[in-house]
Amino acid sequence: MIDVGVGTTDVVAYTGDPEYSARLVLPSRTSVLARRLRRLRGSPPEVLGLVGRPMGGGPFTRELRRLMESGTRVYAELPAALTLSNDVEELRRMEGLELVEGREGLPDGVRTIETYDFRARRLLGFLEGEGVELEDLRWVAACVQDHGYHPDYESNRRHRFERLFRRYLGEGGCRPEEMVFRERPPRSFPRLRAAYEELERIGVEPLVMDSKLPVAMLGRVESEAERLLVIDYGTGHVTAFLFEDERVVGVYEHHSRKLDRSRFEEQVRAFVEGRLSNEEVYRDGGHGCCNVAPMGWDEVEEVIGMGPRRSEFGLGREPRGVPDRMIPAYGPAMYLTGAAGR
């Protein structure tokens, strides 16, 4: 299993026993490239080439835009340029960016940067080189977050939430495994599609999904609660999934940088109780929320938190601000292992 985040890429090679499965925590490609671009600030190059496939933007996009504002002109293949924006028309209007047809369209001798979320064959080769046996590898699952783009929606945030979460929840919620793409994702989600095609190229059965959290719940969270709130305090996003009888009945997603503890607590309580609208979260700068089975806050039997920013936003009930249960800091690889086991 491969989970690509803003700061790290977490890899688990599940071999049947979680305690003896190889685990890697690597810098994410977007953070590596961002550091590379940051070193160029003092003497911005006149031109840069961008090649590759759609990947997570975040830090890389911010650094590249700074260089473009300093006068660097970027020549980019369209798939790589989708890292900056999934809206092709916006890319064509972007000052300092020129789209080219293939690498032959790049200026001679230009320094190039290759974009991708992960290289599956490279990761498998490393694991095999360290003695991990992969002869019986059945499938590879990859989790990447994709805002997507669709011209019928006013924003990528709205498109993402409507097409990936609200559609799955329907009227009565869904099983977590129903949120997995077992076939090639639609073109409106280019990053998910790139991840799927990367796995196809190595000849395994690809499984991709936008967020690791629902699938991770299948294997990592051990709870007897029928009504369960699970929160991932990620680097870029805070995501909450509300479960009832092992079905996802609600999803809330916001940007971590736009929240503080008190506002998050107020919103997530309102989300659980059905008092928070999708529009309110969207207008607040988040992605949205949907709850098809509202319940009282005191009816939630257990609150479980995980993720790198859990101490900053840690939500609970009594004593105030302390979660019912926290998965520890080494959690990412561990709960991915649990999910792989299922």
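Every number here is computed from the coordinates shown, using simple stated rules; none is lab data. All figures in this text were calculated on a predicted structure; none of them were measured in a lab. Here the Cβ is made from the backbone with ideal geometry for all residues, glycine too, and neighbour counts use every protein chain on show.
Computed over neighbours whose Cβ is under 12 Å from that of GLU98, the net charge equals 0, Lys and Arg +1, Asp and Glu -1. The charge dipole of the chain, taken about its Cα centre with unit charges on the Cβ of Lys, Arg, Asp and Glu (plus for the first two, minus for the last two), comes to roughly 1360 debye. When the chain is treated as a Gaussian network with alpha carbon springs shorter than 10 Å, the biggest mean-square fluctuation among MET55, MET295, MET179 belongs to MET295.
Please give the contour-minus-distance gain from ASP152 to TYR20: 0.36 nm per residue of separation, less the Cα-Cα distance, rounded to one decimal in nm. Could you put the intermediate results ahead of the total?
Details: separation 132, 0.36 × 132 = 47.52 nm, distance 4.75 nm.
Full extension of this stretch gives 42.8 nm more.
Shape call for region 29-115 from the C-alpha gyration tensor, a ≥ b ≥ c root eigenvalues: rounded (a/c under 1.5), prolate (a/b greater than b/c) or oblate? Write down the numbers at each step before the final one.
On the way: a/c = 1.35, a/b = 1.14, b/c = 1.18.
Rounded, since a/c falls under 1.5.
Rounded to two decimals, the Cα-based Rg/Rh of the chain, with Kirkwood Rh, is 0.98.
When GluC sites (Glu not before Pro) are flagged only if DSSP places them in a loop and at most 11 other Cβ atoms lie within 10 Å, the longest unflagged stretch of the chain comes out as 225-342.
Given region 29-115, what percent of its DSSP beta bridges are antiparallel, to the nearest 5? Walk me through the intermediate numbers first.
Details: 0 of 12 bridges.
Counting only bridges with both partners in region 29-115, antiparallel ones make up about 0 percent.
Can you tally the net charge around PRO206? Count Lys and Arg as +1, Asp and Glu as -1, for every other residue whose Cβ sits under 12 Å from the Cβ of PRO206.
Details: positive: ARG138, ARG182, ARG184, ARG193, ARG201; negative: GLU183, GLU197, GLU198, GLU200, GLU205.
Once positives and negatives cancel, what remains is 0.
Once Rh for region 225-326 is found with the Kirkwood sum over Cα pairs, what is the Stokes-Einstein diffusion coefficient at 25 °C and 0.890 mPa s, in µm²/s?
Numbers: Rh = 13.2 Å.
Answer, rounded: 186 µm²/s.
Between VAL47 and ARG122, what is the FRET efficiency for a Förster distance of 25 Å, r being their Cβ-Cβ separation, to the nearest 0.05? According to the calculation, E is roughly 0.35.
Relative to the longest principal axis of the Cα atoms of the chain, the long axis of helix 261-273 lies at roughly 60 degrees.
Would you please name the trypsin sites (Lys or Arg not before Pro) within region 236-288 that are DSSP coil residues with at most 16 other C-beta atoms within 10 Å of their C-beta? Don't jump to the answer; show the numbers that get you there.
On the way: sites: ARG247, ARG257, LYS258, ARG261, ARG263, ARG269, ARG275, ARG283; in loops: ARG275.
For trypsin sites (Lys or Arg not before Pro) across region 236-288 that sit outside H, G, I, E and B with at most 16 neighbouring Cβ atoms in 10 Å, the list reads ARG275.
Phi angles of region 143-152 translate, via the Karplus equation with coefficients 6.51, -1.76, 1.60 and θ = phi - 60°, into HN-Hα couplings of 10, 9, 8, 10, 6, x, 7, 8, x, 7 Hz per residue; Gly and Pro are given as x.
Treating r as the C-beta distance of ARG261 and ASP108 and R0 as 41 Å, the FRET efficiency rounds to 0.15. Among PRO44, PRO54, PRO185, the residue with the largest mean-square fluctuation in a Gaussian network model of the chain, with springs joining Cα atoms closer than 10 Å, is PRO44.
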